[in-house]
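Engineer: Dropping the structure in here first, questions after.
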């Protein structure tokens, strides 16, 4: 007879809560399987094998899990061939790590924090979530905040520890809005501040944020959804960037079509930044190409297998890599490649204003306009940077000049291929 079990893992720090947890989840399945663990210990192979045997022996068709790390849950989904549900997902609560980050920000808005002298503040925060605290963890949290808000949080090295303070001691949210003039960034920030997150602030700050949100209507961005492995990669890559560790991408999809796909592997990538562009997530990293170091963008959803390796020396991250990340235009911008120039014509009185108020191409420069035709000079390192945009605005764009007529030739070739589909 098939049945459902609830797989309940509990930490020794909250043994007293076990009866309460069992009572809470007793109606979720036919029985509750109880497992204790210490600290943040990951799911062990022994536990997984025991679960497999139990599932086979007792004909279990569904498993529900409670108090399990996201990475462990992903492992269970891969290992067990039954339906699995994470009951913690139904809580819709913010993780304790995010809450502590905001608590620390609130504390910083009141006073500077010293990694030794103010450690008790951090201890009390962690205690509320039944988590152990160390001065190293405290420093890591503050360093992460400094990385997120580099211009707002100041760090001062002292003999007995590090001192972190908000610039001028002002409310950090208000400071962001006062300093930031880019309306798109402000809109993105407001969109990310959900009601749950806003509740973490003081009443005064809540009123300030909500008053700004009230005059904006948000249209959901068409961002790609990261699969479970890509989410794991995001977390591990962020850690590798902070800890300066090499990454091996053992399988990366480079081409996918009706005939299948091809993949490549890359060794000893030096991770630089996580990049969100054109509604997709990428890892920007240094890799080898023809025995030369280049900066390349790896799309997370195209990564099938990776491994975090040993540390590399900080001097391996050269300033020219970081300068490129400030200057690149699209995921297809090639590193250390001289920009080529091309001229295009935008045709139509209704179309021209779209190109006058916004740059649609890398290094776009307006040369002339008579109201009916707009001539632009654009720069690119390879055709993939500009051809998709040109195709998007056809037939209102004409390519006038490009190096060796490469843009014209490629566009004609693609259009011919497209027309073949309609001739059949």
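Engineer: Please work out which residue is modelled with the lowest pLDDT, limiting yourself to region 222-244 and to residues that are assigned to a loop (DSSP other than H, G, I, E, B) and under 18 Å from residue 277 (Cβ atoms). It would help to see each step written out before you state the result.
Structural biologist: Taking region 222-244 as the starting set, the residues that turn out to be assigned to a loop (DSSP other than H, G, I, E, B) are 222-227, 244.
Okay, now just the ones that are also under 18 Å from residue 277 (Cβ atoms), so 222-226.
Details: 222: 52, 223: 58, 224: 66, 225: 72, 226: 77.
Step by step, filter region 222-244, then rank; the result is 222.
Engineer: Let me ask something else. List the number of the failed condition for residue 81; all other conditions in (1) at pLDDT below 80; (2) part of a loop (DSSP other than H, G, I, E, B); (3) surrounded by 12 or more Cβ atoms within 10 Å (Cβ to Cβ) hold.
Structural biologist: (3)
Engineer: Which of the following residues is part of a helix (DSSP H, G or I) and touching a residue at least 12 places away in the same chain (Cβ under 8 Å): 57, 64, 52, 46? Write out each step before concluding.
Structural biologist: Working: 57 fails: touching a residue at least 12 places away in the same chain (Cβ under 8 Å); 64 fails: part of a helix (DSSP H, G or I); 46 fails: touching a residue at least 12 places away in the same chain (Cβ under 8 Å).
The match here is 52.
Engineer: So, restricting to helices (runs of 4 or more DSSP H) that lie completely within region 336-424, which ones have at least 2 residues that are without any contact (Cβ under 8 Å) to a residue 40 or more places away in the chain and over 37 Å from the mean Cα position of the chain (by Cα)? I'd like the intermediate steps shown before the answer.
Structural biologist: Working: elements: 352-356, 387-392, 406-423.
Here the list reads 406-423.
Engineer: Further, regarding this structure: Which of the residues spanning region 130-139 are surrounded by fewer than 13 Cβ atoms within 10 Å (Cβ to Cβ) and modelled with pLDDT of 85 or more?
Structural biologist: Across region 130-139, the qualifying residues are 134, 136.
The values are calculated or read from the model by the stated rules, or taken from the named source; none is laboratory data. Keep in mind the model is a prediction, meaning the values are calculated, not measured. Positions of Cβ are generated from backbone atoms using ideal geometry, with glycine treated the same way; all protein chains shown enter the neighbour counts.
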